[in-house]
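Below is one structure; the comments refer to it alone.
The values are calculated or read from the model by the stated rules, or taken from the named source; none is laboratory data. All of these numbers come straight from a predicted model, not from anything done at the bench. Virtual Cβ from ideal backbone geometry, glycine too; neighbours counted across all protein chains shown.
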Amino acid sequence: RSAYYPLVTPSNLCKPRRLYISFSDVGWENWIIAPQGYMANYCLGECPFPLTAELNSTNHAILQTMVHSLDPEGTPQPCCVPVRLSPISILYYDNDDNVVLRHYEDMVVDECGC
Amino acid sequence: LSLQESLLLKSLGLSTKPSPKTPGPVPSVLWRIFQKRKTLPSTNKDLADACRVEEFNVPGNIIRVFADQGHFIHNGQPQRLLCLQKRLYFNLSVLEEGEHLTMAQLEIKFSHNSYHTSSQGQVFELRLYQTSQMSLRGMPSHEHSRKLLVEQSFARLHKSLLFNLSGVAKDWRAYSRNLGLILEISVSDGASAVASGGLQSLCASIDSFLDTSLLVVTLSQQQCKASRRRRRR
């Protein structure tokens, strides 16, 4: 389900947006035991000048927004990307009917930044 | 498979989409570990190391429980004091090339605790052999084709016994010679015990022997090394 669900205050600033991945939507429900899906989220939004502290920006991003403000056609805004991610675990059956528990890193976007 | 699906499976470290035929119950140890990770407070979820199994304190991001595919060995003549002789076999061929085995633990499970049964205090002896050569027609391996791994006595109090077989499992993979194990459980040599009840009745408490399984932890070099590199960058 990739519909856009804005968090509490609609804003076009760079921040996580809700994205729920349903394994049954991709037809995996007969071999994935748990979870049935999970909140993966994604990053979307502007990195405008000046960058405020809560936008988790790098020094370079601060520089780039400044240049963008002076020359919007020549230099784009910095990107809005994940800066803090967390793992998920999946329980599933393999081809030999063994039950496998597998941990995957960096599967959930917790925080975004410029 | 659509291109997207096969790429997504590949990113999850799976070469094909599994199609289980007779899925069994989820081993409780895996469910517990899964639930524990799932219920971590979100504030420190990102601190959970997906490339380490803290429950066993070993590196790893894949945990499998293999069911035993061996069979009981029935001798023509009952051997003195022997209650049970079983061939154990765990098919580790599903482990992928890039997976590094970091732990293997054998669990022998009895159907119930026996704190209060008549056999309380009865001592048994357990021997576990690594088979190094398959004998003909599945008969018990001869001495020279098996290596003694474990020999211990135990009182049938606890529901299950655990043995660390990491070295043996690494051997199986290193030399692609997995000929399984042989488990023997016999009554310890207490003459009075045998005289009073008879071997049959003493072995009865072993008959509640339920099953054996092998828990294997592996580390996917592809997934764990790549993420380390990304994090460092």
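The table for this structure:
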read-out: Test: residue in segment B:40-49 that is part of a loop (DSSP other than H, G, I, E, B), at pLDDT 85 or above, of a type in the set (D, E, K, R) and over 14 Å from residue A:91 (Cα atoms); value: no
read-out: Residue match in segment B:26-36 (condition: in a loop (DSSP other than H, G, I, E, B), exposed (fewer than 13 other Cβ atoms within 10 Å of the Cβ), among the β-branched types (Val, Ile, Thr) and at the interface with chain A (Cβ under 9 Å from one of its Cβ atoms)); value: no
read-out: In segment A:41-93, the residues that are touching a Ser or Thr at 6+ places or on another chain (Cβ under 7 Å) and aliphatic (A, V, I, L, M); value: A:51, A:67
read-out: Some residue of segment B:170-187 being modelled with pLDDT under 90, outside any loop (DSSP other than H, G, I, E, B) and over 30 Å from residue B:101 (Cβ atoms); value: yes
read-out: Residue identified as at pLDDT below 90 and either crowded, with 17+ Cβ neighbours inside 10 Å or within 24 Å of residue B:25 (Cβ to Cβ) (or both) among B:114, B:145; value: B:114
read-out: Within chain A, strands (runs of 3 or more DSSP E) holding 2 or more residues that are away from chain B (no Cβ under 14 Å); value: A:15-17, A:42-44
read-out: Among residues of segment B:1-39, those that are in contact with a Lys or Arg (Cβ under 8 Å, 6 or more places away or on another chain) and at pLDDT below 85, counted; value: 1
read-out: Out of A:100, A:83, A:108, sole residue that is closer than 30 Å to residue B:53 by Cβ, modelled with pLDDT of 95 or more and not hydroxyl-bearing (Ser, Thr, Tyr); value: A:100
read-out: Complete set of residues in segment B:188-220 that are modelled with pLDDT under 85 and polar (S, T, N, Q); value: B:188, B:192, B:196, B:200, B:201, B:205, B:208
read-out: Any hit, segment A:8-30, residues being at pLDDT 85 or above, surrounded by fewer than 17 Cβ atoms within 10 Å (Cβ to Cβ) and more than 22 Å from residue B:8 (Cα to Cα); value: yes
read-out: Subset of segment A:52-87 (residues that are touching a Phe, Trp or Tyr at 6+ places or on another chain (Cβ under 8 Å) and over 30 Å from residue A:103 (Cα atoms)); value: A:65, A:66, A:68, A:69
